[in-house]
Amino acid sequence: MENTLKKLKMSKVPEVTLVFWIIKILATTLGETGGDSVTMTLNWGYLIGTSIFASILVGLFIAQISVKKFHPFLYWATIVASTTFGTTMADFADRSLGIGYTGGSTLLFVCLMSVLGLWYRSQGTISVNTVNTPRVEAFYWAAITFSQTLGTALGDWAADTGGLGYEGGALVFGAGLAVIAGLYFGTNISRVLLFWTAFILTRPLGATVGDFLDKPVDHGGLALSRPLASVVIAVIILGCLLVISQKAGQHLGRRKSKTRTV
């Protein structure tokens, strides 16, 4: 009976620790270089790239909901798929649809806030520690996907429209994450609010770092091979998952875990 109750308290997403954020930033960078590899290096275009990664994301999403407990490799594969889809989808909206970085960022922000609002209305919380039922998982992955896509658009907006360039954008978003870390350790601001703010900001940080790695030198990048950069980052992520163990987050009801991990 105690084992059953313990399982009910476990989330199907990882405990939010420093390792989580390191892998998340690596995954978002991989999403940028991987998405650009398909749409630009292979020259398949944004629509085809978006369709491919959307299909992969749906398949992994179904697999993630089907399993009964947290599986690190499946979870992070789904995160990578969502961030790669976010890259191609944001580029398609910003460039192919012609609504620009500002319009794309605004639209995606509204979509993300709508999903979070519906989630909160349905469950009374948007804490990731409660992701242990199919309904909550659906809200979670919808919010994740929109936040990844929004992050891509914000990164492009900061680098191009905002005139910061890739290095400047990375510094700004990195500084933003440092501020959030300071608020986490120095204040009692809602951990749920800080989590979602940090989750959104890690995406444009990864996007600007990815762009810095693979964009042409005359555009402010290092002109590295996109496929090669993607493979290297993927190997680093796999290494982290193999060497550093991860455990599932705990249910919101365990308040000590909440204050330390979310």
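Scanning for something without any contact (Cβ under 8 Å) to a residue 24 or more places away in the chain, under 21 Å from residue 134 (Cβ atoms) and either in contact with an Asp or Glu (Cβ under 6 Å, 6 or more places away or on another chain) or outside any helix (DSSP H, G or I) (or both), does segment 86-99 turn up at least one residue? Explain how you work it out, then say what you get.
Taking segment 86-99 first, the residues without any contact (Cβ under 8 Å) to a residue 24 or more places away in the chain are 97-99.
Restricting the remaining residues to those that are under 21 Å from residue 134 (Cβ atoms) gives none.
Among the residues of segment 86-99, not one is without any contact (Cβ under 8 Å) to a residue 24 or more places away in the chain, under 21 Å from residue 134 (Cβ atoms) and either in contact with an Asp or Glu (Cβ under 6 Å, 6 or more places away or on another chain) or outside any helix (DSSP H, G or I) (or both), which makes the answer no.
Among the residues of segment 99-121, what is the count of those that are among the β-branched types (Val, Ile, Thr) and open to solvent by less than 40 Å² (accessible area, probe 1.4 Å)?
Going through segment 99-121, the residues among the β-branched types (Val, Ile, Thr) turn out to be 99, 102, 106, 110, 115.
When the remaining residues are screened for being open to solvent by less than 40 Å² (accessible area, probe 1.4 Å), the result is 115.
Count: 1.
Do we have any residue at all in segment 50-65 that's surrounded by 14 or more Cβ atoms within 10 Å (Cβ to Cβ) and either closer than 20 Å to residue 195 by Cα or without any contact (Cβ under 8 Å) to a residue 12 or more places away in the chain (or both)? Don't jump to the end; show me each part of the working.
To start, the set of residues in segment 50-65 that are surrounded by 14 or more Cβ atoms within 10 Å (Cβ to Cβ) comprises 50-54, 56-57, 60-61, 64-65.
When the remaining residues are screened for being either closer than 20 Å to residue 195 by Cα or without any contact (Cβ under 8 Å) to a residue 12 or more places away in the chain (or both), the result is 51.
Yes, some residue in segment 50-65 is surrounded by 14 or more Cβ atoms within 10 Å (Cβ to Cβ) and either closer than 20 Å to residue 195 by Cα or without any contact (Cβ under 8 Å) to a residue 12 or more places away in the chain (or both).
Can you tell me which residue in segment 107-150 is modelled with the highest pLDDT, limited to those that are closer than 16 Å to residue 92 by Cβ and not hydrophobic (A, V, I, L, M, F, W, C)?
Step one: list which residues in segment 107-150 are closer than 16 Å to residue 92 by Cβ, which gives 107-108, 111, 145-146, 148-150.
Retained after the next criterion (residues that are not hydrophobic (A, V, I, L, M, F, W, C)): 145, 148-149.
Working: 145: 91, 148: 85, 149: 84.
Step by step, filter segment 107-150, then rank; the result is 145.
Give the residues of segment 122-134 that are open to solvent by less than 20 Å² (accessible area, probe 1.4 Å) and aliphatic (A, V, I, L, M), sorted by residue number.
Selection gives 128, 131.
Per-residue answers, yes or no, for (1) at pLDDT 90 or above; (2) among the polar types (S, T, N, Q); (3) on the phi < 0 side of the Ramachandran plot; (4) surrounded by fewer than 18 Cβ atoms within 10 Å (Cβ to Cβ):
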position	(1), (2), (3), (4)
198	yes, no, yes, no
201	no, no, yes, no
205	no, no, yes, no
230	yes, yes, yes, no
245	no, yes, yes, yes
253	no, no, yes, yes
256	no, no, yes, yes
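Results for (1) on the phi > 0 side of the Ramachandran plot; (2) outside any helix (DSSP H, G or I); (3) without any contact (Cβ under 8 Å) to a residue 60 or more places away in the chain, shown as yes or no for each residue.
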position	(1), (2), (3)
103	no, no, yes
107	no, no, yes
112	no, no, no
119	no, no, yes
129	no, no, no
132	no, yes, no
143	no, no, yes
154	no, no, yes
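The values are calculated or read from the model by the stated rules, or taken from the named source; none is laboratory data. Please read these numbers as outputs of a predicted model, since none were measured by experiment. We place every Cβ from the backbone using ideal geometry, glycine too, and count neighbours over all the protein chains shown. Surface accessibility is based on the protein's heavy atoms, side chains included, excluding ligands, DNA and RNA. Shrake-Rupley method; radii C 1.70, N 1.55, O 1.52, S 1.80 Å.
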